[in-house]
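Scroll down for the structure; my scribbles are underneath it.
The values are calculated or read from the model by the stated rules, or taken from the named source; none is laboratory data. Predicted, not measured: the structure shown is a model, and the values here were computed from it. Using ideal geometry, Cβ is built from the backbone for each residue, glycine included, and neighbour counts are taken over all protein chains shown. Heads up: the accessible areas ignore ligands, DNA and RNA and are worked out on the full protein's heavy atoms, side chains in. Shrake-Rupley method; radii C 1.70, N 1.55, O 1.52, S 1.80 Å.
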Amino acid sequence: MMQTATGWRASRWRNGAGAVLTMLCVLAALSLASSGSPAAAPIAVAVADFDYFDTSGEVVDQGGEHRARVASFAALLRDNLAAQDGYRVVPIECPDHPCTATSMSQDLFIAAARKAGARLVVYGGIRKMSTLVQWGEIQLLDLEAEKLLMRRTVTFAATTMPPIAMPPISSAIH
């Protein structure tokens, strides 16, 4: 039974990362297409590490397990994005790890992404509110246009990570 549950969770992880990745790729492609830019070279995308905050007040410290899950999710997003035509994943270098949007000032975070050669930056975080509920936020920033292309928040069960389905993205494109 444990192997079945583990396999199911791994499948949900892949499906969730795929949903997020698909949403990001479509959004990026549509936003770039609307700017009239030719799609000659792959678009450089930096996927930052994701923040994780546990405010549930649970007695058992699960911080290590949660940090490992969040790190795996970010790595899965990077791997899936790197496998897509038209995108090139670039690493963000920062003095301390994990390299998240809240681990350094906004100016340093953006400077690090630009130094890496990124056109787009994906970042966000997950907050565990209780033993039953978590919420996540993912953002997509276009460094060239200096514009936040997307900001989505989702809630999901605390026993699953990352979110399985994300809201529609059509409202993020103007």
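Show me the ranking of peptides 103-116, 67-80 by mean Cβ neighbours inside 10 Å, starting with the highest.
Working: 103-116: 15.4, 67-80: 18.0.
Packing order, densest peptide first, comes out as 67-80, 103-116.
Which percent of the accessible area of region 100-163 is formed by carbon and sulfur heavy atoms (probe 1.4 angstrom)?
Answer for region 100-163 is 55 percent, counting heavy atoms of protein chains only.
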Per residue of region 114-127, in order, report the coupling 6.51 cos²θ - 1.76 cosθ + 1.60 (Karplus, θ = phi - 60°) as ³J(HN,Hα) in whole Hz, putting x for Gly and Pro.
5, 4, 6, x, 6, 8, 10, 10, 9, 8, x, x, 10, 10
Of 44-56, 122-134, ordering from highest average Cβ density within 10 Å down gives 44-56, 122-134
